[in-house]
Every structure is written in structure tokens, then in C-alpha cells.
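The values are calculated or read from the model by the stated rules, or taken from the named source; none is laboratory data. As the structure is a prediction and not an experimental result, all values here were calculated from the model. Positions of Cβ are generated from backbone atoms using ideal geometry, with glycine treated the same way; all protein chains shown enter the neighbour counts. The protein model used for the area step is the full one, side chains on, heavy atoms only, and it has no ligands, DNA or RNA in it. Shrake-Rupley method; radii C 1.70, N 1.55, O 1.52, S 1.80 Å.
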Amino acid sequence: EKGGWSSFMAKEVSEEPEAVANTLRGRLHEGAVTIPELDGLDDLFAGINRIIVIACGTAAYAGMVGKYALEQWTRVPVDVELAHEFRYRDPVIGPDTLVVSISQSGETMDTLMAVKFARERGAKTLSICNTQGATIPRESDAIVYTHAGPEVAVASTKAFVAQITALYLLALHVGRVRGALSDAASVEAVRELEAVPAKIVRVLEKEQAHIEQFARWMGDTQSVLFLGRHVGYPIALEGALKLKEISYIHAEGFAAGELKHGPIALVEPGQAVFVIVPSPRHSAELHKKVVSNIQEIRARGARVIAVAEEGDAAVLPFADEVLRIPLAGALFEPLLAVVPLHIFAMGLATAKGLDVDQPRNLAKSVTVE
Ligand code: M6R
């Protein structure tokens, strides 16, 4: 039930903090991760030399974020691939490959068929899923459930942050099993994870009304671009997907570094561009590069909406709007930066008088190929 909210999507965005908190619950102890569902699988995790993450849509973007953490904490090479592409090629996989599928519904046909395909070729399979007892987890060797609660709106929001959370837990677990993760790094990551729910609450409290007002003002916009770098890149893709799904306008996400390789040709006066700005505290170099991207598009007349951490003043002279997120570790910023983009997509669709829960032509769960 919507319980007083104007839409399921509004309710589900408001539940993003709980989606993370509930996915963490019972899985963190004294600076380390314990996932009871993975007990007895240490040999499996020790025996792999490659991870392939497969999923569709928003779940695939969660996978792209997860790749950074999986590689950093496990030192196992990771590829992320769309499930429907993966199963129609001839991938090099075998018993030392772990195929991690991500699916909110656990019923997406493309993802299910890719999991079966991976199993037939001898790979190990692990399902990250939000729906207890769904088909994909039943077809997998191992399961890590997300606990986002039922997601009703077609546009996935709280499941996305829960999927990233589950991937991080998995990465920390596998990293420890393989001896690739130091105690200090584990303690630090756990501390960051525990802080995420309250930081999302802060984004909602401080920015939601501002973003909704801003989205109303943008009601006639025909096209929006999203730029991000590093873990901000998949967030740019997610921001664009959400906008096209529910507001039916042209939206595209790009890696900020690609700008000069093509997309900057799209920038003309008035073009709205969201830019996810990485914290200067983690990498002065990356931050500088993204700020200079902002200057480049601004010089061509773009309307720049920066998503930047609190206190980052470098963006102020060049941005038309700044949406703030609290300070967090580099890998944890995506869990915060996505929230303004979810609110914006919802705000723009609402301003256009559209049904945000049931967008045209889309189904919540795509059970056909
Ligand atoms: O249930 P799944 O997570 O497998 O669904 C995957 C995609 O169909 C889904 O994320 C879709 O892209 C959403 N409508 C995005 O908001």
C-alpha cells in the first residue's frame, strides 16, 4: 500500500535508507562481514579466478558500481555484462568463473537464461535478488538476498541501493575469504556502510524539496545529459535511464572522459547536463578533470546541475544548480549521488502529469526475452 504517499515510487525513494540498513542488518560484526547464507562456500570463493556480473537495466548499473569494490577488495578480475548479450556469445567461462547475477524480481527472463547458460558451461553462480524464493536464486549455487522490501513502481529505486550494498558485502566477504582484504580496510568499509542510511536520510531531508521545485521549473526540458566518472559513471547511466523511463524525454549518460570523444558535440546553449562530481578528498586529479569538463560544457552554454559533496566550492562558479551529498568514502558516494537523480526523475515526470508508477510500454518484471 502507498500509505499516504502520492505514488509507490515516492514511497520507495523515501525507503532507500531502510533498503540499505535492512540489507546490512545481521551481516556486520565488529568491523567484519558475515553472511550466514554463504557459510560453507569458502572453497568456492577461494577457487575462482574471475567474476562476471550479469544483469539488465538498473541492476546492471548496480553491477557496474559493484565492479570497483569487487576488484578493490577481492583482487579478482571482474567483468560486467548485460545478460542478454552474455548468453548469445561464446564466453570463456568454466569452473573457476563465478557468475554473479543481479535481479530485483528474480524472474527476468534474460538474466535467468544467462544464469542457466553459465551453469551449463560449468561456472559457479551466485544470485543477488530481492525476492525470496524467486526462480533465479533457485537456479543458483549461492544467494545473497537484498532486503529492500517489495518494490512496486516499475522504475527501480530502493532495490538499486540495496543491490550495491549487497555487492559490497559480497566483495568484503570474498576479499576476507581469499586473504585479499586487510583488517583495517574491512573495518573502514564497514564503518562507511553503516553510515550510509543516515546520509541518505540527510540527502532526502536537505535536497528533496529543492530538487522537486527545480524539476517543476525544468518541466519543458526536451533532453538531459548525465556525466560521471569512475563510480559516478554508472550513476550517470542510472540517472538517464530513470528519466527516460518515467518522463519520456531524451536522456543519455556518458563517462565524463568521453566528452571530447563525441558527446560534447551535443552541447548547445540551454542543454541541461547533470554532472556527478567526485570528491576532491579522494582524488584531486579526478575532481579537477570533472570540474574542467563542467567549464568546457558551460563555455558552450550548457545549464549545469552539479551533484557534489558538501563543501566542494570549486563547482560553484560554473554550476547553475548544486545538489549536495554528504561526505563519504570514494566507493560509497554512488549510494548518495543516485538519490538526487531518482528524486529529479520523479519530480520531472510528476511535473509533466505522468503516472510515475506505471510508465507506458514497460513492465515491472520482464519475463519474456
Ligand atoms: O527485476 P530485475 O532487477 O531483473 O529487472 C531488471 C530491469 O528490467 C530493471 O532494472 C529495469 O531496468 C527498471 N525498470 C529500471 O528502473
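Points to keep in mind about this one:
- Residues that are out of contact with any Pro (no Cβ under 6 Å at 6 or more places or on another chain), touching a residue at least 24 places away in the same chain (Cβ under 8 Å), of a type outside the set (Gly, Ala, Ser) and not in a loop (DSSP other than H, G, I, E, B) within segment 291-307 comprise Val291, Asn293, Ile294, Glu296, Ile297, Arg303, Val304, Ile305, listed in sequence order.
- Yes/no for Gly228 being in contact (Cβ under 8 Å) with a residue 24 or more places away in the chain and either within 23 Å of Leu316 (Cβ to Cβ) or touching a Cys at 6+ places or on another chain (Cβ under 9 Å) (or both): yes
- Condition met for Val13 (within 16 Å of the ligand (Cβ to nearest atom), open to solvent by 30 Å² or more (accessible area, probe 1.4 Å) and either at pLDDT 95 or above or assigned to a helix (DSSP H, G or I) (or both)): no
- Among (1) more than 30 Å from Arg281 (Cβ to Cβ); (2) out of contact with any Leu (no Cβ under 8 Å at 6 or more places or on another chain); (3) in contact (Cβ under 8 Å) with a residue 24 or more places away in the chain, the one test that Leu348 misses: (2)
- Segment 221-260, subset open to solvent by less than 20 Å² (accessible area, probe 1.4 Å) and within 19 Å of Ala153 (Cα to Cα), residue nearest to the ligand (Cβ to nearest atom): Lys242
Yes/no matrix, rows are residues, columns are (1) open to solvent by 10 Å² or more (accessible area, probe 1.4 Å); (2) in a loop (DSSP other than H, G, I, E, B); (3) within 20 Å of Arg50 (Cβ to Cβ):
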{"residue": "Thr111", "(1), (2), (3)": "no, no, yes"}
{"residue": "Phe117", "(1), (2), (3)": "yes, no, yes"}
{"residue": "Thr125", "(1), (2), (3)": "no, no, yes"}
{"residue": "Gln132", "(1), (2), (3)": "yes, yes, no"}
{"residue": "Val144", "(1), (2), (3)": "no, no, yes"}
{"residue": "Ala153", "(1), (2), (3)": "no, yes, no"}
{"residue": "Ser156", "(1), (2), (3)": "yes, yes, no"}
{"residue": "Val161", "(1), (2), (3)": "no, no, no"}
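- Summed over segment 213-238, residues that are acidic (Asp, Glu), modelled with pLDDT of 95 or more and out of contact with any strand residue (DSSP E or B) (no Cβ under 9 Å at 6 or more places or on another chain) total 0.
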